[in-house]
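The values are calculated or read from the model by the stated rules, or taken from the named source; none is laboratory data. Given the structure is predicted, the values throughout are model-derived calculations rather than measurements. Here the Cβ positions follow ideal geometry from the backbone for every residue, glycine too, while neighbour counts run over all protein chains shown.
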Amino acid sequence: MLGKYDFTKKVTVLTGDRPTGPLHLGHYAGSIRERVRLQDTAAERFVMVADTQAYTDNIDNTRKVGEAIPHIVADYIGCGIDPDRTTVFLQSAVPELAELTLLYMNMTTVSRLERNPTISAEKKMRGYGEAERDFPSGFLCYPIAQAADITGFRATHVPVGEDQLPMIELAQETASKVNRIASRDILPSPLAVLSATGRLPGIDGKAKASKSLGNAIHLLDSDVEIERKVMLMYTDPDHLTVAQPGRVEGNVVFAYLDAFHEDRQEVEALKDHYRRGGLGDVKVKRLLVKTLVDLISPIRERREKAYASPDAITDILRRGSAVARERVSEVLNDVRSGLGVYRFPAGLPHS
Ligand code: TRP
């Protein structure tokens, strides 16, 4: 289920982000850093702005989604995703994905969807009533659409956070169902690739940094804002004086140093010192502020410059979506014939 890249084989990497707001350090540590690294390898790379998926729980707030699209592309560029080396595209600009989703909906039971732990957690988070099942059917079905996103490119590797593992599992099941019905290998089984750092906690110590929880450091945060957030970070509540021994586990400052400070030895030495006692929170926080300012400020400058050219951003999405469309059309065609769905003798009217 989990994968490592094997560059002796053809590697196609696809990931996506919902445009619901600007990206934050959780996205960066969880998968964007990895996408940038992969640009120096032989992998074929696609990055999708998942606007269709964002609508599954934002149909009453479509403006928010539309406004977030150029922000996300600017964030990508700021982080070093190069549209000449990575195909960056918009999900809704590839309608073939929607058709693939419709076909896959017939291969996935409602109970299978209702057993998806990420969907259940998100239902709770969004306050959707459990007993009345009072949520949009598109929301329940978005894992199917995500299986289409992944298999529609014949992606072999999907760098994601842990919460996305149930989605990859469904994509694997879907690929194998298509192959079984077709009696031949049409779709590869995609592998999830988890980041080495794991899930980044929120500054408040909650398990996940997220925009909706307001506990994330964003890639567009100013240096002052970064400092403010680091100074608010949850540490060890029992570490009351500098002299006392402190706990590193569950301490957000150390989780961030682990994720972002390049000198591993320095971090380990600081952890030892903190555990022994004699090291104050503020001192460790100062190091983290510097680490994050050094990381984020060049990203922020590049992303601001990119955001200031909306036409260039539209152009990136337009070019990328044309490439993506060509790819998904081909795969959709293969899936249709593999499933044996009806075709006009001379081909579909639009193909
Ligand atoms: N569900 C993902 C998220 O919330 C976004 C996403 C949509 C995605 N389609 C994808 C991720 C395909 C990987 C592959 O972050």
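Descriptive notes on the structure:
- Listed here are the helices (runs of 4 or more DSSP H) enclosed by region 56-119 that have at least 1 residues being closer than 17 Å to F139 by Cβ and small (G, A, S): 96-104, 110-114.
- Of all residues in region 299-311, those that are in a helix (DSSP H, G or I) have Cβ atoms under 9 Å from Cβ atoms of residues that are polar (S, T, N, Q), 6 or more apart or on another chain, in R300/S222.
- Qualifying residue in region 326-348 (condition: closer than 20 Å to E67 by Cβ, in a helix (DSSP H, G or I) and either out of contact with any Cys (no Cβ under 6 Å at 6 or more places or on another chain) or not basic (K, R) (or both)): no
- Region 177-220, subset polar (S, T, N, Q) and assigned to a loop (DSSP other than H, G, I, E, B), residue surrounded by the most Cβ atoms within 10 Å (Cβ to Cβ): N215
- Residue that is at pLDDT 95 or above, among the aliphatic types (A, V, I, L, M) and surrounded by 13 or more Cβ atoms within 10 Å (Cβ to Cβ), where the choices are V242, V253: V253
- In region 177-209, the residues that are among the acidic types (D, E) and under 16 Å from the mean Cα position of the chain (by Cα): none
- Test: residue in region 168-176 that is at negative phi, among the polar types (S, T, N, Q), at pLDDT 95 or above and under 19 Å from the mean Cα position of the chain (by Cα): yes
- Among the residues examined, G16 does not qualify as within 14 Å of the ligand (Cβ to nearest atom) and either over 19 Å from Q172 (Cα atoms) or assigned to a helix (DSSP H, G or I) (or both).
- Checking each residue in region 135-176 for being more than 10 Å from the ligand (Cβ to nearest atom), of a type outside the set (S, T, Y) and assigned to a helix (DSSP H, G or I) picks out G138, F139, L140, I144, E162, L165, P166, E169, L170, Q172, E173, A175.
- Hits in region 19-32 (condition: within 14 Å of the ligand (Cβ to nearest atom) and assigned to a helix (DSSP H, G or I)): G26, H27, Y28, A29, G30, S31, I32
- Of all residues in region 315-336 being of a type outside the set (A, V, I, L, M, F, W, C) and free of Cβ contacts under 8 Å to residues at least 12 places away in the same chain, the one that is farthest from R184 (Cα to Cα): D315
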